[in-house]
Amino acid sequence: MPAVTHRRRLRGRDQDGFTLPEMLATIAVLGVLFAAFALVVGRGIMHGKQVEEASTQQTEARAAVDRLAADLRQAYTGDEDAFPIESIGSTQITFLSPDRQTPFHLRRISYQLVNGELQRAFATSTDTDGPPWSIPALGAWSTEASSIQNTTVFTYFDENGAATSTPSEVRTVTISVSVATLAEPARQSTYSTSVTLRTTEVPT
C-alpha cells in the first residue's frame, strides 16, 4: 500500500503546470522582448519616413534650382538697350524673360525666399510686338522648394567677376539652396549653380 500511494503522488506532480511566479516571470520577459521589438520597428519606420522626406526635399530643391537657372539663362527684354534684371537681393530676384512661343511674350519672373520656402511668381505680357511691353501685375506665389536652411540664395557678380549689388551690373548669378529635414537640421544637402546672363539676343 505505501508503494502505491507513492506512485500516485508522483503522477500528481508530473501533471502540475507552471507555478504563478514562473508565469509572472515569463510574462515579464515576453513583455521586455515585445517592447524591444516595438522600439526597433518604430525606429525603423521613423527612419524610413525621414529618408523619404529628405529624398522629396532634395528632388524639389534640385528641380527648383534647375528651373530658376533656366529662367535666368534666357533673360531678355527684346530691347538691346534695356537690361533684364529689375531688382536683386540675397533672398530675391526679379527679371524679364521671354516664353518659348513665336512670336514670344515677355514674362516678369520673380523668386523670393520666405520662411524657408523658395517661391516663384510671374506675369506674362499681353502683347508680342516688342517694347514697350504691357505686363500685368505678378500672379500668385507658388512654392518651388521648402525646408531651406541657408539665408543667402543669390550672389551677384559683374563682368569682371567682382561681387555687385547693382542690378544693371549683374552678369553672373550664383544660386545656392540647402535643405534639411526637421529631425536632422544639421544634415543638409546643397544644390548650387551659376548662370551667366545673355542680354543682347533672344535665347534659343
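The values are calculated or read from the model by the stated rules, or taken from the named source; none is laboratory data. Nothing here was measured: the structure is a model prediction, and the numbers come from that model. Glycine also receives a Cβ, built like all others from the backbone with ideal geometry; neighbour counts cover every protein chain displayed. Note: accessible area is taken over every heavy atom of the protein model, side chains too, but ligands, DNA and RNA are not part of it. Shrake-Rupley method; radii C 1.70, N 1.55, O 1.52, S 1.80 Å.
A few notes on this one:
- Of the peptides 126-135, 19-28, 177-186, the order by per-residue mean of other Cβ atoms within 10 Å, starting with the highest, comes out as 177-186, 126-135, 19-28.
- With the gyration tensor restricted to C-alpha atoms of the range 143-204, the semi-axes of the equivalent ellipsoid amount to 29, 13, 9 Å, longest first.
- Relative contact order [Cα under 8 Å, 6+ residues apart], the range 69-173, whole percent: 22 percent
- Extension gain for the segment Ala137 to Thr19, taken as residue separation times 0.36 nm less the Cα-Cα distance, is 34.2 nm to one decimal.
- With the convex hull drawn around the C-alpha atoms of the range 64-204, the volume per residue stands at 106 Å³.
- Dipole orientation for the range 59-176: of the candidates Phe154, Ala75, Ala61, Ala61 has the Cα lying most toward the positive pole (charges on Cβ; Lys, Arg +1; Asp, Glu -1).
- A simple packing score, the average count of other Cβ atoms within 10 Å per residue, orders the peptides 29-39, 60-70 as 60-70, 29-39, with the highest score first.
- Rounded accessible area per residue of the range 43-183, 1.4 Å, Å²: 50 Å²
- When the charge dipole of the range 25-145 is built from unit charges on Cβ atoms (+1 for Lys and Arg, -1 for Asp and Glu) and taken about the Cα centre, the candidate among Ile27, Phe37, Asn115 whose Cα reaches farthest toward its positive end is Ile27.
- The stretch between Ser176 and Leu30, if pulled fully straight at 0.36 nm per residue, gains 47.3 nm over its current Cα-Cα span.
- Tensor-based shape of the range 51-131 (alpha-carbon gyration tensor, a/c under 1.5 rounded, otherwise prolate or oblate): prolate
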